[in-house]
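Down below is the structure, laid out as structure tokens.
The values are calculated or read from the model by the stated rules, or taken from the named source; none is laboratory data. The shown structure was predicted, so the numbers you read here are calculated from the model rather than taken from an experiment. Cβ coordinates were reconstructed from backbone atoms using ideal geometry, including for glycine residues, and neighbour counts include every protein chain displayed.
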Amino acid sequence: MRMEGDNIRIDGARLWDSLMEMAKIGPGIAGGNNRQTLTDADAEGRRLFQSWCEEAGMTMAVDRMGNMFMRHEGTDPEADPVYIGSHLDTQPTGGKYDGVLGVLSGLEVVRSIRDMGLKTRRPIVVVNWTNEEGTRFAPAMLASGVYAGVHDEAFANSREDAEGKRFGDELDRIGWRGTEDVGGRPLHAMFEYHIEQGPILEAEGKQIGVVTHGQGLWWLQVTLTGKEAHTGSTPMNMRVNAGLGMARIIEAVHRIAMDHQPDAVGAVGQANVYPNSRNVIPGKAVFTIDFRSPDLAKLNAMRARLEAEAPQIAADLGLGIEIEPVGHFDPVTFDAGLVGVVRNAAEHLGYSHMNIVSGAGHDACWINRVAPTVMIMCPCVDGLSHNEAEEISPEWAAAGADVLLHSVLEAAEVVR
Ligand SMILES: [Zn+2]
């Protein structure tokens, strides 16, 4: 659908200005943001976004989860719209770009299309999904999860923050509960543009990440039971050391992940030994294994191998063992057609690009269940995110938004 020699770009300065204006709402303490979901700051950020969208001629609908749908009309109002969505909420010590870049780039795409006098057959809808971060109300990606049928509304409304305030009550309090049913909108496609939150694009010197998959995960909690004993007076051959068993299983986790390359990872990030005393051999160890892969067969194979090897390690040391799955997501395969659209847009614009797997969860991972979906990523400095020091350059932000613009024009069908 693209014109010959078509080299149009979004307005990078305007996008950057909007990012900086939004960052003034719910400032952090170290240059980032604390605009947690369903706080007064969240409400204010939503109002600012609404006002910008309305200035750009868009109309708003809000569903009962507070998801905001800002619509730019197409020449065929009956056609299934093309969606661009991410989130405006942040971590308590979050950055200025995680999520926000995707929402405000959606707005910038519409602003640019209007400025250039372009028309698309399909409407374009820019979405702010409620509570992506999940810090205040677990789990993450809550409202996109309800939209996609992963969670029900009652579950979402009942989630409580650390002060015992309920999600549903807080959504009412800030005045952002809409009336529209959650889910079931006709979606032709959804694009989510996001910072990478990892170090790969910067290290590889690439401007654009074409996101082909989202990683699936298994969280396995392991409890080893040994015998607490004095570290000085217990002979080596009489110890039943849960700490040693944990160390050997951590080694096994690393080996198993290395044996499933590429694109498989495994680590133990949470570990406790009991009684955790300098001169007591641990009688108990409790730790969580985190295995991830974009390939379901590999993911399950890693879990199966751990479940075979860890009991052997425990038996060799005379330890009791229990392994309990405490978290799981299936890997996500983004829509192959849309992945191609994004790659072609990057190629056409002359931006360097590479395929990438999203290591973190995103709203797009849930929406992918109900509509063709894809993600675009830009680098972030040192891969740092969920941190007030999160940083990107205006050029990186603009390049990804250009790719978003061209991808959306392709999907929404430019009218000549
Ligand atoms: Zn995010």
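Does any residue of segment 224-245 turn out to be at positive phi and of a type in the set (Gly, Ala, Ser)?
no
Quick test of your reading of the structure: residue 291 fulfils all but one of (1) farther than 28 Å from residue 204 by Cα; (2) under 21 Å from the mean Cα position of the chain (by Cα); (3) aromatic (Phe, Trp, Tyr); (4) away from the ligand (no atom under 16 Å from the Cβ). Name the failing condition by number.
Residue 291 satisfies every listed condition except (1).
Residues are listed down the side, and each one gets a yes or a no for (1) among the charged types (D, E, K, R); (2) buried (at least 17 other Cβ atoms within 10 Å of the Cβ); (3) within 16 Å of the ligand (Cβ to nearest atom); (4) under 17 Å from residue 287 (Cα atoms):
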| position | (1), (2), (3), (4) |
| --- | --- |
| 298 | yes, yes, no, no |
| 315 | no, no, no, no |
| 318 | no, no, no, no |
| 322 | yes, no, no, yes |
| 338 | no, yes, no, no |
| 343 | yes, yes, no, no |
| 349 | no, yes, no, no |
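Take segment 202-213 and flag every residue that is within 16 Å of the ligand (Cβ to nearest atom) and touching a Pro at 6+ places or on another chain (Cβ under 9 Å).
209
Checking the structure you have, find out if any residue of segment 110-118 is at pLDDT 95 or above and within 16 Å of the ligand (Cβ to nearest atom).
No: segment 110-118 contains no residue that is at pLDDT 95 or above and within 16 Å of the ligand (Cβ to nearest atom).
Is it true that residue 251 is of a type in the set (D, E, K, R), surrounded by 16 or more Cβ atoms within 10 Å (Cβ to Cβ) and at pLDDT 95 or above?
No; evaluated as a whole, the condition is false for this residue.
Show the residue pairs meeting these rules: Cβ distance below 9 Å; 6+ apart or different chains; first residue within segment 363-390 and more than 14 Å from the ligand (Cβ to nearest atom); second residue part of a helix (DSSP H, G or I) and of a type in the set (Ser, Thr, Tyr).
370/147; 374/407
Could you please find all residues in segment 45-77 being in a helix (DSSP H, G or I), surrounded by fewer than 17 Cβ atoms within 10 Å (Cβ to Cβ) and touching a residue at least 24 places away in the same chain (Cβ under 8 Å)?
48
For segment 78-96, which positions are in contact (Cβ under 8 Å) with a residue 24 or more places away in the chain and over 20 Å from residue 112 (Cα atoms)?
Scanning segment 78-96 gives 79, 80, 87, 88, 89, 90, 91, 92, 93, 94, 95, 96.
Inside segment 85-109, can you point out the residues that are assigned to a helix (DSSP H, G or I), more than 9 Å from the ligand (Cβ to nearest atom) and either of a type in the set (Val, Ile, Thr) or closer than 16 Å to residue 147 by Cβ (or both)?
103, 109
Please find, among 409, 404, the residue that is touching a residue at least 12 places away in the same chain (Cβ under 8 Å), part of a helix (DSSP H, G or I) and within 16 Å of the ligand (Cβ to nearest atom).
404
Name the residue that is farthest from residue 28 (Cα to Cα), counting only residues in segment 119-136 that are among the aliphatic types (A, V, I, L, M) and within 16 Å of the ligand (Cβ to nearest atom).
126
I need the full set of residues from segment 383-416 which are on the phi > 0 side of the Ramachandran plot and at pLDDT below 95, in order please.
Of everything in segment 383-416, those that are on the phi > 0 side of the Ramachandran plot and at pLDDT below 95 turn out to be 383, 386.
Just the residues that are part of a loop (DSSP other than H, G, I, E, B) and without any contact (Cβ under 8 Å) to a residue 12 or more places away in the chain, please, taken from segment 7-44.
Residue satisfying the conditions is 24 alone.
The conditions are (1) within 16 Å of the ligand (Cβ to nearest atom); (2) more than 24 Å from residue 369 (Cβ to Cβ); (3) charged (D, E, K, R), and residue 196 fails exactly one of them. Which is it?
(2)
Restricting to segment 264-291, and then to whatever is touching a Lys or Arg at 6+ places or on another chain (Cβ under 8 Å) and part of a loop (DSSP other than H, G, I, E, B), can you tell me which residue is modelled with the highest pLDDT?
Per the stated criteria, the residue is 283.
Please find, within segment 292-345, the residue that is farthest from residue 401 (Cα to Cα) out of those that are acidic (Asp, Glu) and in a helix (DSSP H, G or I).
316
List the number of the failed condition for residue 141; all other conditions in (1) modelled with pLDDT under 95; (2) of a type in the set (A, V, I, L, M, F, W, C); (3) within 13 Å of the ligand (Cβ to nearest atom) hold.
Of (1) modelled with pLDDT under 95; (2) of a type in the set (A, V, I, L, M, F, W, C); (3) within 13 Å of the ligand (Cβ to nearest atom), only one is false for residue 141: (1).
Among what's in segment 1-44 and is loosely packed, with under 13 Cβ neighbours inside 10 Å and hydrophobic (A, V, I, L, M, F, W, C), pick the residue that is modelled with the lowest pLDDT.
It comes out as 3.
Find all pairs meeting these conditions: Cβ atoms under 9 angstrom apart; at least six residues apart or on different chains; first residue within segment 300-312 and in contact (Cβ under 8 Å) with a residue 40 or more places away in the chain; second residue part of a helix (DSSP H, G or I) and not hydrophobic (A, V, I, L, M, F, W, C).
309/255; 310/245; 310/248
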